[in-house]
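Here's the structure we're looking at; comments come further down.
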Amino acid sequence: MVITTDLVEAFLKCPTKCFLRSLGETGVGNTYADWVRAQSTAYQREGSTRLKGGANGECVTGPLDRIQLKSATWRMATESKVCAQDLACTLHAVERVPSDNPGTGAQFIPTRFIFTNKLGRYDKLLLAFDALVLSKALGLEVVLGKITHGEDFVTLKVKTSVLESEVRGIAGKIAALISDKKPPDLVLNRHCPECEFRDGCRQKAVETDDLSLLAGISEDERNRHRSKGIFTVAQLSYTFRPRRTPKRAKKPARPRYPALQALAIRENTVFVHGSPRLPDSKTQVYLDIEGLPDNESYYLLGALIVTEGQEAFHSFWASDASQEPGIFAQFAEAVANLPDFRVLHFGDYETVALKRMKAKLPESLHPRIDAILERATNVLSVIHPHIYFPTYSNGLKDIGRFLGFERADVDATGLQSIIWRKTWNVNRAPGIKALLLRYNEDDCRTLKQIFELEMPLPCSASVAARSPA
């Protein structure tokens with residue numbers, strides 16, 4: 001079996017994905033995975049066109065063998081398949097730099113095109129794999145590569161030689177995985193929402209009641225449970241034992257117990273551990289912010305304001321980056337004079353956004369942003385140590401689904417919102433904007449339903465149960 005870039009990329013994200021791809025299987029039903037594939041292809045095509053236009057000398061396209069590489073006279077090659085022993089890759093581009101010293105061979109520099117603005121370690125490892133295959137094909141060391149990425153086609157130089165040993169190790173693991181002919185243990189992970197095999201893997205995990213269904217359990221914890229013969233969520237649920245907090249503890253720990261989460265799922269019951277405390281106020285502002293993490297931009301703020309039972313929903317929309325500070329200023333103005341308000345959000349995304357955008361606002365508005373931050377409460381931080389819903393994760397949408405909240409689009413996710421916004425940036429379609437506005441409002445209203453859920457508040461030494469409505 002030949003190890004390809006495609007297999008390396010899959011293995012870095014999930015061994016199961018790598019194994020399935022080695023069998024030639026293709027997943028279906030993941031819009032985000034399809035969108036990423038289309039974006040990658042289009043960006044690579046555009047990158048190749050730009051290189052060809054700026055190449056000083058002949059530019060070739062297509063497969064390259066060892067003889068062609070050794071006797072090359074071209075300056076640039078694109079979409080070039082290169083094979084060496086049991087390794088193969090399709091180089092997005094490779095630059096040939098003639099040596100200034102007579103008798104010294106040319107230097108070959110592989111290039112990868114990545115459409116995202118932010119790069120991860122996996123991107124550099126894939127470039128290092130390209131360099132390894134090219135090095136084997138040439139019989140020479142390839143020590144440098146380039147990554148062209150982002151909207152501005154920025155180029156980053158990478159010393160691929162320092163990653164060579166790690167890449168060789170990865171190739172060895174892939175070879176062992178494929179030769180075993182037996183699929184690896186199925187483990188759901190953070191890559192699942194982005195994967196084309198998502199639905200099939202999750203169905204199998206549900207059928208086997210696999211521990212990895214619990215989003216909050218780490219790989220080390222999962223392995224410790226398995227070493228004790230605990231392989232399913234149901235088995236884990238029988239191991240929970242309430243623990244008392246020492247009376248003299250100055251800073252008592254606030255852990256989350258996967259076994260209690262499993263028990264909540266088995267009994268379809270909400271459990272409360274300890275004493276959760278959510279702040280009381282005359283006015284609640286349920287805040288949800290939509291953004292593009294790759295750009296560190298924030299284009300939509302939704303604020304559901306509730307005062308003495310009266311609701312008012314506000315949307316603040318930015319059509320481009322230049323308008324983003326303005327919508328934060330509008331939000332600050334809208335809540336500044338509210339009586340005894342408390343800003344409620346889910347996770348720390350909103351407070352991070354407020355802190356980042358504060359630097360872009362006039363100093364006259366800084367006190368208002370500071371006041372909002374002082375009155376902000378992360379509802380998830382209260383749920384995490386205390387409240388156990390019968391859900392596999394503490395995600396806003398999972399909890400909302402359990403509570404019976406009906407969203408306009410039941411399948412919409414944060415990844416889907418990224419596609420919507422990126423598409424709107426191109427076509428400015430009113431229908432797509434409407435989808436985003438509704439998605440944002442649904443998040444705010446879900447948060448309101450969670451916050452207003454009446455929970456018993458037991459003493460910190462006990463666990464109270466609340467059956468679902």
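The values are calculated or read from the model by the stated rules, or taken from the named source; none is laboratory data. All values derive from a computational prediction rather than experimental measurement. Note that we place each Cβ from the backbone using ideal geometry, even for glycine, and neighbour counts take in every protein chain shown.
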Inside region 148-180, can you point out the residues that are aliphatic (A, V, I, L, M) and under 27 Å from Thr16 (Cα atoms)?
-> Leu163, Val167, Ile170, Ala171, Ile174, Ala175, Ala176, Leu177, Ile178
Inspect all residues belonging to region 390-398 and state whether any of them is closer than 15 Å to Asp288 by Cβ, in contact with a Leu (Cβ under 8 Å, 6 or more places away or on another chain) and either of a type in the set (Lys, Arg) or crowded, with 16+ Cβ neighbours inside 10 Å (or both).
-> yes
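Rundown of residues vs (1) crowded, with 19+ Cβ neighbours inside 10 Å; (2) in a loop (DSSP other than H, G, I, E, B); (3) free of Cβ contacts under 8 Å to residues at least 24 places away in the same chain, yes/no style:
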| residue | (1), (2), (3) |
| --- | --- |
| Gly53 | no, no, yes |
| Ile67 | no, no, yes |
| Val94 | yes, no, no |
| Gly105 | no, yes, no |
Go through the residues of region 72-80 one by one and say whether even a single one is free of Cβ contacts under 8 Å to residues at least 40 places away in the same chain, among the basic types (Lys, Arg), more than 22 Å from Lys159 (Cβ to Cβ) and part of a loop (DSSP other than H, G, I, E, B).
-> yes
Report yes if some residue within region 271-281 is touching a Ser or Thr at 6+ places or on another chain (Cβ under 9 Å), outside the structural domain of Glu441 (by TED's automatic domain parsing) and on the phi > 0 side of the Ramachandran plot; otherwise report no.
-> yes
The residue from Gly395, Gly326 that alone is of a type in the set (Gly, Ala, Ser) and under 30 Å from Leu211 (Cβ atoms) is Gly395
Given (1) over 30 Å from Asp294 (Cα atoms); (2) assigned to a helix (DSSP H, G or I); (3) out of contact with any strand residue (DSSP E or B) (no Cβ under 8 Å at 6 or more places or on another chain), number of the condition Ala175 does not satisfy | (3)
Count of region 136-155 residues which are surrounded by 15 or more Cβ atoms within 10 Å (Cβ to Cβ), touching a residue at least 60 places away in the same chain (Cβ under 8 Å) and part of a loop (DSSP other than H, G, I, E, B) = 0
From Val162, Val133, Val158, residue being assigned to a helix (DSSP H, G or I), of a type in the set (Val, Ile, Thr) and either under 24 Å from the mean Cα position of the chain (by Cα) or buried (at least 20 other Cβ atoms within 10 Å of the Cβ) (or both) = Val133
What's the number of the condition Ser322 fails, among (1) modelled with pLDDT of 95 or more; (2) part of a loop (DSSP other than H, G, I, E, B)?
-> (2)
Using the structure shown, decide if Ala77 is surrounded by fewer than 21 Cβ atoms within 10 Å (Cβ to Cβ) and of a type outside the set (S, T, N, Q).
-> no
Tally of residues being of a type outside the set (Lys, Arg) and touching a helix residue (DSSP H, G or I) at 6+ places or on another chain (Cβ under 7 Å) across region 14-35 = 12
Flag if Leu344 is buried (at least 17 other Cβ atoms within 10 Å of the Cβ), within 25 Å of His384 (Cα to Cα), of a type in the set (A, V, I, L, M, F, W, C) and touching a strand residue (DSSP E or B) at 6+ places or on another chain (Cβ under 8 Å) = yes
Selection within region 232-255 - in contact with a strand residue (DSSP E or B) (Cβ under 8 Å, 6 or more places away or on another chain) and either at pLDDT below 95 or part of a helix (DSSP H, G or I) (or both) | Val233, Pro242
